[in-house]
Each structure stands twice: as structure tokens, then as C-alpha cells.
Amino acid sequence: KVILPRGSIVAIAGATSITLSEHNRSDFTISPKRIENAKRMIDGTLRKNVVATKNTYSCSWTDLPSVDASTVDGYAGAAKMRAFHLANVGKITLTLKYDTDGAGTLTTTDDVMITNFSYLIKGRSTNNFDLVDVSIEFEEV
């Protein structure tokens with residue numbers, strides 16, 4: 001087990017809470033999406049009514065061990081992520097810890113729903129765990 005100096009970027013909480021592993025994690029993507037109504041007026045000018053901006057969060061892991069103890073940081077492995085997904089069909093809380101300007105860690109919390117989850121078992125290790133590709137997407141409520 002290796003303790004990373006900055007810790008994990010993502011934690012999720014629903015019926016239970018887990019911290020997602022940094023083991024072979026891809027880039028964590030935050031994609032803002034505006035909910036808006038745009039129309040052209042009779043004179044050709046564009047008018048917009050922006051209702052809200054909601055974020056979509058996505059991330060994936062390659063060759064993530066299914067067992068927590070086999071990840072480099074001891075955080076949630078693939079099997080725990082899958083169990084969390086199956087147990088939480090409604091709103092959950094997503095907590096992100098990241099650096100925005102080099103001045104320190106920013107912590108944000110959003111209510112989200114899991115909109116996409118995939119679990120691809122790639123192979124078996126000789127140490128009694130599977131190697132799994134996992135991808136997950138959250139959309140802000």
C-alpha cells in the first residue's frame with residue numbers, strides 16, 4: 001500500500017461512502033452543460049435564457065484490481081465500485097478535492113446521479129483478484 005501525498009481526488013456517498021482509488025485512473029473530466037433556451041428575434045438578434053449550468057463528471061480506470069487491498073493506495077477497487085453502483089440508484093453525493101491555482105486544495109460537493117457505469121473484466125491475477133476496466137459518469141442533479 002502506497003499513501004499518495006495528495007490523497008484521492010474523488011469520494012462518493014450514498015447508502016454507504018467510498019473513496020475512489022487513484023490506481024491507473026485516467027483524467028477526471030468535468031464538463032459544464034448549460035440548460036438554456038435560445039431563440040432568434042425577428043430582427044435576427046439572438047436571445048438566450050440560461051436556466052442553470054450543470055456539470056457532468058467522468059473518469060475511468062485501466063487494470064484496476066477488484067480487491068481494495070491490491071490497489072496502490074488501498075482505496076476502492078473495482079468490486080467495491082460495482083457494489084456501490086448497484087446499491088445506489090438515486091441521488092448520491094460526489095466530493096472532489098483538487099488544486100485550482102497552486103494555492104491549495106479546493107473541496108467541492110455536488111449532488112449527482114450515476115448515469116453510466118461499465119465494468120469489463122480483462123483477466124485474472126495470480127493473487128486472487130480480477131483486473132478490471134471501469135468507467136463511471138455522474139451528472140449533477
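Taken over region 122-135, the criterion of being open to solvent by 50 Å² or more (accessible area, probe 1.4 Å) and either closer than 16 Å to Asp68 by Cα or not in a strand (DSSP E or B) (or both) is satisfied by Arg124, Thr126, Asn127, Asn128, Leu131. Considering only residues in region 49-67 that are without any contact (Cβ under 8 Å) to a residue 40 or more places away in the chain and out of contact with any Asp or Glu (no Cβ under 8 Å at 6 or more places or on another chain), the one that is surrounded by the fewest Cβ atoms within 10 Å (Cβ to Cβ) turns out to be Ala52. Note on region 10-38: residues that are of a type in the set (A, V, I, L, M, F, W, C), under 13 Å from Phe138 (Cβ atoms) and not in a strand (DSSP E or B) total 1. Screening region 88-121 for residues that are open to solvent by less than 70 Å² (accessible area, probe 1.4 Å) and not in a strand (DSSP E or B) and picking the one that is farthest from Ile12 (Cα to Cα) gives Gly102. Sub-7 Å Cβ pairs linking a first residue in region 106-127 that is modelled with pLDDT under 95 to a second residue that is not in a strand (DSSP E or B), at least 6 apart or interchain, are Leu106/Thr100; Asn127/Ser70, ordered by first then second residue. Taking the numbered list (1) at pLDDT below 95; (2) aliphatic (A, V, I, L, M); (3) open to solvent by less than 90 Å² (accessible area, probe 1.4 Å); (4) out of contact with any Cys (no Cβ under 8 Å at 6 or more places or on another chain) in turn, Ile12 passes all entries but (1). Does region 39-48 contain at least one residue that is open to solvent by 80 Å² or more (accessible area, probe 1.4 Å), closer than 19 Å to Lys91 by Cβ and either in a strand (DSSP E or B) or not acidic (Asp, Glu) (or both)? No, there is no match, as no residue in region 39-48 is open to solvent by 80 Å² or more (accessible area, probe 1.4 Å), closer than 19 Å to Lys91 by Cβ and either in a strand (DSSP E or B) or not acidic (Asp, Glu) (or both).
Condition check ((1) among the polar types (S, T, N, Q); (2) more than 25 Å from Asn116 (Cβ to Cβ); (3) in contact with a helix residue (DSSP H, G or I) (Cβ under 6 Å, 6 or more places away or on another chain)) across all residues:
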residue	(1), (2), (3)
Thr45	yes, yes, no
Ala69	no, yes, no
Gly77	no, no, yes
Ala83	no, no, no
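The values are calculated or read from the model by the stated rules, or taken from the named source; none is laboratory data. What you see is a predicted model; the values in this text were computed from it and never measured. Because the Cβ atoms are built from the backbone with ideal geometry, glycine has one as well, and the counts that use them run over all protein chains shown. Only protein heavy atoms, including side chains, enter the accessible area calculation; ligands, DNA and RNA are left aside. Shrake-Rupley method; radii C 1.70, N 1.55, O 1.52, S 1.80 Å.
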